[in-house]
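The values are calculated or read from the model by the stated rules, or taken from the named source; none is laboratory data. Everything numeric here is computed off the predicted structure, so don't read it as measured data. Here the Cβ positions follow ideal geometry from the backbone for every residue, glycine too, while neighbour counts run over all protein chains shown.
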Amino acid sequence: MLTSLMRPFFRKGQARSFVLPGAVSDSSRILCIDPGDLTDLLFHVPLVNAIRQRYPRARIDFLVPEKHAPLIKPSGLTKQCLAYKDGQLNPWRPSFSALLRQLSTQNYDVTLVMSVTPRPRLELAGLASGAALRIGPSHAESWPAINFEIRPGEGDEQYLGDRVRHMGPFLGLSPADLGTRWPLPMDQVRQMAQQIHFHKPNPDQMLVGVDPTVSKTGFTLSQENFQFLIRQLTSQLICRVIALGDPTQREKLDKLETRLSDVPIGLPRSTILETVLLLSQCDLFLAGNTDLFHFAVALGVPTIGLFAPQDPPAWEPRGRRKARVIRLPKEGKIDLETLMETVEAVTEGRTSTATTVIAESDAPSDADETGTPPAPGQD
């Protein structure tokens, strides 16, 4: 019954055809669909950013949950942000058909569902847009909503953040074009650097960020073990520590900070944009398998991941000079020697540094961070 009711929205998309490469051009209208997961969004931004650079006159719109709009709007990636609420994705509600009707009038050529896991309702939104090329996650039920997917091989353990590279050549893009850095507004980066200097005037102190929030697989290090880890770290480094994480988990972040000493106060981080801006200025970042861990890796921040045994290998970034993962033992404690060896590796021997603003022209390329980007079809 539901399929019959929705069929009129899907005819246009199923009737159109495309050719690869060549489906994307300066005249394309592209819809990027944000599934509401920050890491999924981050993993697909390199593709969107490369399209923006290669085809500057292409129109790129975003369909996003309201909570992500403040992060995406200042990125410079999108012409228009269309916000949706979770309730709108219920197929039995009139608001869902209203959303499909709105998308069907925009004459999109390409849709990109920015997810590594199935998102059936958002995939249907892409199909309803009428786009000929519909990119999205690979799964058994993806057709006809998705007609271009990257299928991982059996036992594929490649970092999920690198898989989008394989799409590049099919869209007329070189894998080397797909840099991982999230496009932050440079004026706000400079403002954040100035605030950090004001609240941490000693340039010899490192700014160390820690994220105690729940990981992508539901694991979290106990407050006691996190405190122990931070005490170990501050006994060896000239640093100040600040808790960063999902702003909606402010209570947990504040609880950790009350147990720390010499925390720089007054630094804004009430929104996800402010949090990512602050993260970009950290000299070292420690977290579990969280959204901010993957953002830190993408930004080139020296990063240590505290992964649980159940975190799949596909979540672990490889080939990054400034990122390492420590697999936690069952008791959750890391010996000081292992910790400091890892800090030495990701900071490349530095124990203190002044906060600096990286100009866009001086920002490290993805090849600097990851080595030679993998060719399509290679791990």
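Return the residues of segment 70-86 that are farther than 19 Å from Ser129 by Cα, surrounded by fewer than 17 Cβ atoms within 10 Å (Cβ to Cβ) and small (Gly, Ala, Ser); say none if nothing qualifies.
Gly76
Among residues belonging to segment 239-253 that are modelled with pLDDT of 90 or more and of a type in the set (A, V, I, L, M, F, W, C), point out the one that is surrounded by the fewest Cβ atoms within 10 Å (Cβ to Cβ).
Cys239
Does Phe18 satisfy the condition of being buried (at least 18 other Cβ atoms within 10 Å of the Cβ) and either closer than 17 Å to Gly168 by Cα or in contact with an Asp or Glu (Cβ under 9 Å, 6 or more places away or on another chain) (or both)?
Numbers: buried (at least 18 other Cβ atoms within 10 Å of the Cβ): no; either closer than 17 Å to Gly168 by Cα or in contact with an Asp or Glu (Cβ under 9 Å, 6 or more places away or on another chain) (or both): yes.
No.
Could you check, for segment 174-184, whether at least one of its residues is among the hydrophobic types (A, V, I, L, M, F, W, C), in a loop (DSSP other than H, G, I, E, B), under 21 Å from Asp283 (Cβ atoms) and at pLDDT 90 or above? First the steps, then the outcome.
Kept after step one, since they are among the hydrophobic types (A, V, I, L, M, F, W, C), are these residues of segment 174-184: 176, 178, 182, 184.
Subset that is in a loop (DSSP other than H, G, I, E, B): 178, 182, 184.
The next check asks that each one be under 21 Å from Asp283 (Cβ atoms); those that pass are 182, 184.
Now restrict to residues that are at pLDDT 90 or above: 182, 184.
Taking every residue of segment 174-184 in turn, at least one turns out to be among the hydrophobic types (A, V, I, L, M, F, W, C), in a loop (DSSP other than H, G, I, E, B), under 21 Å from Asp283 (Cβ atoms) and at pLDDT 90 or above.
Restricted to segment 292-313, and to residues that are part of a helix (DSSP H, G or I) and of a type outside the set (Gly, Ala, Ser), which residue is farthest from the chain's Cα centre (by Cα)?
Residues of segment 292-313 part of a helix (DSSP H, G or I): 292-299, 313.
With of a type outside the set (Gly, Ala, Ser) added as a condition, the list becomes 292-295, 297, 299, 313.
Numbers: Leu292: 8, Phe293: 9, His294: 6, Phe295: 5, Val297: 9, Leu299: 10, Pro313: 17 Å.
The residue in question is Pro313.
Just to be sure I understand, how many residues within segment 26-51 are assigned to a loop (DSSP other than H, G, I, E, B) and either touching a Pro at 6+ places or on another chain (Cβ under 9 Å) or at pLDDT below 95 (or both)? Steps first, please.
Just the residues of segment 26-51 that are assigned to a loop (DSSP other than H, G, I, E, B), to begin with: 26-28, 34-37.
Now restrict to residues that are either touching a Pro at 6+ places or on another chain (Cβ under 9 Å) or at pLDDT below 95 (or both): 26, 34-36.
Matching residues across segment 26-51 total 4.
Say whether the condition of being at pLDDT 95 or above, among the hydroxyl-bearing types (Ser, Thr, Tyr), within 30 Å of Gln195 (Cβ to Cβ) and part of a helix (DSSP H, G or I) is met by at least one residue in segment 279-291.
Yes - at least one qualifying residue is present in segment 279-291.
I'm trying to understand the selection: among the residues of segment 298-324, which are closer than 23 Å to Gln227 by Cα and buried (at least 20 other Cβ atoms within 10 Å of the Cβ)?
Keep residues of segment 298-324 that are closer than 23 Å to Gln227 by Cα, which gives 301-311, 323-324.
Correct list: Val301, Pro302, Thr303, Ile304, Gly305, Leu306, Phe307, Asp311, Ala323.
Among the listed residues Arg324, Arg269, identify the single one that is under 24 Å from Arg240 (Cβ atoms), in contact with a helix residue (DSSP H, G or I) (Cβ under 6 Å, 6 or more places away or on another chain) and assigned to a loop (DSSP other than H, G, I, E, B). First the steps, then the outcome.
Working: Arg324 fails: assigned to a loop (DSSP other than H, G, I, E, B).
Answer to the check: Arg269.
Give the residues of segment 208-226 that are exposed (fewer than 15 other Cβ atoms within 10 Å of the Cβ) and part of a helix (DSSP H, G or I), sorted by residue number.
Gln223, Glu224
Of all residues in segment 75-117, how many are in contact with a helix residue (DSSP H, G or I) (Cβ under 7 Å, 6 or more places away or on another chain), part of a helix (DSSP H, G or I) and not hydrophobic (A, V, I, L, M, F, W, C)?
Within segment 75-117, residues that are in contact with a helix residue (DSSP H, G or I) (Cβ under 7 Å, 6 or more places away or on another chain), part of a helix (DSSP H, G or I) and not hydrophobic (A, V, I, L, M, F, W, C) number 4.
For segment 122-170, give me the residue count where each residue is over 24 Å from the mean Cα position of the chain (by Cα) and either assigned to a helix (DSSP H, G or I) or outside the structural domain of Pro65 (by TED's automatic domain parsing) (or both).
2
Here are the criteria: (1) in the same structural domain as Ser75 (by TED's automatic domain parsing); (2) closer than 25 Å to Leu286 by Cα; (3) among the small types (Gly, Ala, Ser). Tell me which single one Ser235 does not satisfy.
(1)
Can you pull out the residues in segment 52-64 that are farther than 16 Å from Ile135 by Cβ and part of a strand (DSSP E or B)?
Arg59, Val64
Determine which member of the set Pro329, Pro313, Pro302, Pro309 is in contact with a strand residue (DSSP E or B) (Cβ under 6 Å, 6 or more places away or on another chain) and of a type outside the set (A, V, I, L, M, F, W, C).
Details: Pro329 fails: in contact with a strand residue (DSSP E or B) (Cβ under 6 Å, 6 or more places away or on another chain); Pro313 fails: in contact with a strand residue (DSSP E or B) (Cβ under 6 Å, 6 or more places away or on another chain); Pro309 fails: in contact with a strand residue (DSSP E or B) (Cβ under 6 Å, 6 or more places away or on another chain).
On inspection, the qualifying residue turns out to be Pro302.
Scan segment 120-149 for residues that are polar (S, T, N, Q) and closer than 17 Å to Ser28 by Cα and jot them down. Give the derivation first.
Going through segment 120-149, the residues polar (S, T, N, Q) turn out to be 129, 138, 142, 147.
Correct list: Ser129 only.
What about Lys67, is it without any contact (Cβ under 8 Å) to a residue 12 or more places away in the chain, of a type outside the set (Val, Ile, Thr) and not in a loop (DSSP other than H, G, I, E, B)?
Working: without any contact (Cβ under 8 Å) to a residue 12 or more places away in the chain: no; of a type outside the set (Val, Ile, Thr): yes; not in a loop (DSSP other than H, G, I, E, B): yes.
For Lys67, the condition - without any contact (Cβ under 8 Å) to a residue 12 or more places away in the chain, of a type outside the set (Val, Ile, Thr) and not in a loop (DSSP other than H, G, I, E, B) - is not met.
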